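Values in this text are rule-based calculations from the coordinates and carry no lab data. Remember, it's a predicted structure, so these values are computed and weren't measured experimentally. We place every Cβ from the backbone using ideal geometry, glycine too, and count neighbours over all the protein chains shown.
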Amino acid sequence: MTGSGMVNEEPRRAFLRRMAAAVPAVMLGAWSSRVLADDEPVPGADATGEPAAPVRDIDGVEFVLRSEWTASWRPRPERMRLADRFERMTVHHWGVDASGMDQGRDAVARRIDGILGAHVSRNYGDIGYHFILDLAGRVWEGRSLVFEGAHVSSENSRNIGIMLLGNFQDEKPSDSQLRSLGLLSGFLASRHKVPEGNLFGHCDLASSECPGRLLYPRVREIREKGWA
Ligand SMILES: [Zn+2]
């Protein structure tokens, strides 16, 4: 792995094929103009304390479903808007230095659960981001892609929210995290037919330092490289 967080085209395509086969479609958004029926369970809402599902590890990128990391808060659909489609993606950072923290799966799960709790206390229907990427490069499902996110004030419409744990004003994103960001954003762009160039940093859409001066240039690199 180079420090750029980029991957060659052929391994990337092979990865995307394996990802599509191994990761539950609902996590990545497989519906088309679908609307939940009144009695249909909300995807990601099945936090029943059942035994943890097997780890989904694809080329070193581990995927964790929402139901595997939290039983604290169920999504509240009445406080969210259904997403009809997605046409842009926005990258955020946590804004808290995570480099000295325990990067084990359980510790990260508790950290993300804390973020969810904070968002619930603000009356969000669920955690605001659709995906969270930790320093080990794991991809954690956040808010179901059935719903619009809550991550850029007044710019949430059709906008997939991806948050990287860390404070990238001060620390560098890890190579694993950048690799996962490149792969995930490429996959989502292709699955949702996101137009070229529509990968943003929070600071592109609002007055903000997010996702930080050490991450934002990498977001631009991915955007300029494109996903065709
Ligand atoms: Zn942000």
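Things to note:
- Whether the range 157-208 is rounded, prolate or oblate, judged on the alpha carbon gyration tensor where a/c under 1.5 counts as rounded: oblate
- Residues 89, 101, sorted so that the one with the fewest Cβ neighbours within 10 Å comes first: 101, 89
- Three-way shape call for the range 109-167 based on the alpha-carbon gyration tensor, with the a/c threshold at 1.5: oblate
- Net charge of neighbours whose Cβ lies under 15 Å from the Cβ of residue 172, counting Lys and Arg as +1 and Asp and Glu as -1: -3
- With neighbour counts taken as other beta-carbon atoms within 10 Å, the residues 141, 196, 87 rank, fewest first, as 196, 87, 141.
- Panel order for 153, 174, by other beta carbons found within 10 Å of each beta carbon, from fewest to most: 153, 174.
- Sites residue 225 and residue 190 - FRET efficiency at Förster radius 22 Å, r taken between beta-carbons, to 0.05: 0.95
- Across the range 113-228 the C-alpha pair distances fall into 10 Å bins from zero in the proportions 14, 47, 36, 4 percent.
- The length gained on full extension between residue 96 and residue 18, counted as 0.36 nm times the residue separation minus their Cα-Cα distance, comes to 24.8 nm.
- Built amide H within the under 5 Å cut-off of residue 92, gap 5+: 162, 163, 164
- Separation of alpha-carbon centers, the range 150-202 and the range 87-121, rounded to whole Å: 14
- For residue 199, neighbours were defined as the other residues whose beta-carbon sits under 13 Å from its Cβ, and their charges (Lys and Arg +1, Asp and Glu -1) total 0.
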